[in-house]
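Inspection log for the structure reproduced underneath, given as structure tokens.
Values in this text are rule-based calculations from the coordinates and carry no lab data. It should be emphasised that the depicted structure is a prediction, and the values quoted were computed from it without experimental measurement. Positions of Cβ are backbone-derived with ideal geometry, glycine not excepted, and every protein chain shown enters the neighbour counts.
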Amino acid sequence: MLILAPSVRVFVARSAVDFRRGIDGLCGIVREGFGADPLSGHWFVFTNKRANRLRILVWDRNGFWLATKRLERGTFERFGGSEATLEIDRAKLAMLLDGIDVKKARSRYNFVRSVRIEARDDDARERTAP
């Protein structure tokens with residue numbers, strides 16, 4: 001389970017990345033390709049050419065984390081487009097890591113549209129009770 005602060009943003013590279021690159025190489029892609037600061041604390045997600053591996057680059061207060069996931073079967077979803085990066089939310093990142101096709105997934109909005117709060121009058125109930 002991923003727990004991210006609301007201030008953390010997740011960016012996905014739209015094109016494949018050579019996974020022979022390490023932390024420094026991926027930081028260069030973030031700076032030059034994304035136009036972002038790798039020291040910002042945001043999560044930067046990369047996939048390889050075959051889309052069977054995924055890497056997440058994160059700056060933690062005193063160093064970088066580089067997490068890698070390799071699928072034994074199947075591929076990760078690719079996000080096409082003309083821009084170098086795409087921002088996704090935490091739910092889409094969780095689906096991406098679990099191998100769920102984000103484009104085919106539907107979000108349902110199951111929330112209460114209005115809340116009605118009524119004050120309880122305990123004195124009135126006591127008066128009307130037999």
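Picking from GLU87, GLU83, which residue would you name as being acidic (Asp, Glu), under 14 Å from the mean Cα position of the chain (by Cα) and under 22 Å from ILE29 (Cβ atoms)?
It is GLU87.
Pull up the range 29-64, narrow it to residues that are of a type in the set (S, T, N, Q) and under 11 Å from ALA13 (Cβ atoms), then point me to the one that is surrounded by the fewest Cβ atoms within 10 Å (Cβ to Cβ).
Once the filter is applied, the top-ranked residue is ASN48.
How many residues are within 20 Å of PHE79 (Cα to Cα) and in contact with an Asp or Glu (Cβ under 9 Å, 6 or more places away or on another chain) when one looks only at the range 1-30?
Total meeting the criteria: 6.
Could you tell me which of the residues VAL58, VAL102, VAL30 is within 18 Å of the chain's Cα centre (by Cα) and assigned to a strand (DSSP E or B)?
Answer to the selection: VAL58.
Does the range 67-80 contain any residue that is surrounded by 14 or more Cβ atoms within 10 Å (Cβ to Cβ), without any contact (Cβ under 8 Å) to a residue 60 or more places away in the chain, of a type in the set (S, T, N, Q) and outside any loop (DSSP other than H, G, I, E, B)?
Checked the range 67-80: no residue is surrounded by 14 or more Cβ atoms within 10 Å (Cβ to Cβ), without any contact (Cβ under 8 Å) to a residue 60 or more places away in the chain, of a type in the set (S, T, N, Q) and outside any loop (DSSP other than H, G, I, E, B).
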